[in-house]
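To keep things clear, I will list the structure first and then write my remarks on it.
The values are calculated or read from the model by the stated rules, or taken from the named source; none is laboratory data. In this text the structure is predicted, and so the values were computed from the model without any measurement. As a convention, Cβ positions derive from the backbone with ideal geometry for all residues, glycine included, and neighbour counts pool all protein chains shown. Just so you know, the surface numbers come from the protein's heavy atoms only, side chains and all, with ligands and any DNA or RNA stripped out. Shrake-Rupley method; radii C 1.70, N 1.55, O 1.52, S 1.80 Å.
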Amino acid sequence: MPNYKSVLVAVCLLLSACGNPPPTTKTGTLKGASSYTPYDAFAMLWARRSDANRMVWTSSGSESGALLVAGGGSTNRPDFVLCTQGVVAGLVTKGEDLVIIGTVYVSDQVIRPVFRNNWEKKPLRSLYIPRSSIEFAYDKLLERLHLRREDVAVPKVEKTGFPMIVSLLTKESESPDALSFGLLVDPFITNILTGNPQEYTLGEGGLYNLYYSIVVRRADLATIRPALLELLRSFKDIDHQLAALVDQNEFIQQVWGRRTNDVPDRLPRMVTFELQPLRLGLSASTLRKNLENEINYLVTRYPDQLRAPASVDALVDDSLLKEIWPERVTP
């Protein structure tokens, strides 16, 4: 199968000149962090616009979120990150104070189950990322399949993540820790189905309403508000640029993919990714409801470890985007 690690390799590549950047001020430049997936297109294009637009590329949204809440002495600590609302839910239930100021991709087709063609052969095995949107979707999937948690064995692994799920899902079916099915996102889904088209089946979506979000620390909202407004202005321009793309071929050529000698590396057409949901916006009430559901799920499942924040409504602030693009904001 193709080497998916070359796409989502954990790098901390700063797209800036050498040396430490000046501290962020009201008019200072920003540093962002996000993983390297097609859903991070806004960050990719923003970073290419200027050497002053600095990005830290990570291996996952959870890693980006961890950088956002890291101590102030961290050299890779960003001013904003792109990640799912599930990452935000996980962090605020641990006491972090974060705010979503916009979304750049909204869809219920991103997290999808991939099944071995003989997946019903017992014993059933699967793996999920605990205390995350994947676990939330996993329970929804079990409900859809009329299964209970005790019906499905979960192999013990040192570190759970999409690469590990792929590794166990693509093992020989007779292996004692081979998965019967697993929840994944693109490009992992495309890599599995492209490399083993006769052995796997893609299940239906609708398990998780994903809001890929622009997230900042609440304490920074006032101090770097002008810079955040400028970020959203750039994202508005990028939205127009993305809307002009005709199809995935143009997206792969112009936006997504590593570049060699300034020529995009060719990547496979992705199975679940669509261009239409790739747009700047914010539906505050709907997002708050989804956050509330996920937070309630987490604190119910892990009552000794997690706590609900004082206010779910405060996790979403649409005031900045209203200044830049009010037509893209719904209550």
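Which ones in region 290-305 are outside any helix (DSSP H, G or I), open to solvent by less than 70 Å² (accessible area, probe 1.4 Å) and either out of contact with any Pro (no Cβ under 9 Å at 6 or more places or on another chain) or under 11 Å from Gly86 (Cα atoms) (or both)? Result: Pro303, single match. For Lys5, the criteria (1) in a helix (DSSP H, G or I); (2) at pLDDT 95 or above; (3) open to solvent by 60 Å² or more (accessible area, probe 1.4 Å) hold in every case but one, which is (2).
Contact map, region 83-99: first residue within 19 Å of Ser59 (Cα to Cα), second residue among the basic types (Lys, Arg), Cβ cut-off under 6 Å, separation 6 or more or different chains; pairs are Gly90/Arg131.
If you take the residues in region 155-179 that are of a type in the set (A, V, I, L, M, F, W, C) and out of contact with any Lys or Arg (no Cβ under 7 Å at 6 or more places or on another chain), which one is nearest to Tyr302 (Cα to Cα)? The selected residue is Val157. Given the structure, is Leu183 hydrophobic (A, V, I, L, M, F, W, C), more than 17 Å from the chain's Cα centre (by Cα) and either surrounded by 15 or more Cβ atoms within 10 Å (Cβ to Cβ) or not in a loop (DSSP other than H, G, I, E, B) (or both)? So Leu183 does not fit the description; no. Annotation: of all residues in region 221-255 being at pLDDT 95 or above, more than 13 Å from Asp79 (Cβ to Cβ) and of a type in the set (Asp, Glu), the one that is surrounded by the most Cβ atoms within 10 Å (Cβ to Cβ) is Asp239. More than 21 Å from Ala227 (Cβ to Cβ) and either open to solvent by less than 50 Å² (accessible area, probe 1.4 Å) or more than 16 Å from the chain's Cα centre (by Cα) (or both), is that true of Val81? It is false that Val81 is more than 21 Å from Ala227 (Cβ to Cβ) and either open to solvent by less than 50 Å² (accessible area, probe 1.4 Å) or more than 16 Å from the chain's Cα centre (by Cα) (or both). In the set (1) outside any loop (DSSP other than H, G, I, E, B); (2) surrounded by 15 or more Cβ atoms within 10 Å (Cβ to Cβ); (3) modelled with pLDDT of 95 or more, the condition left unmet by Thr201 is number (2).
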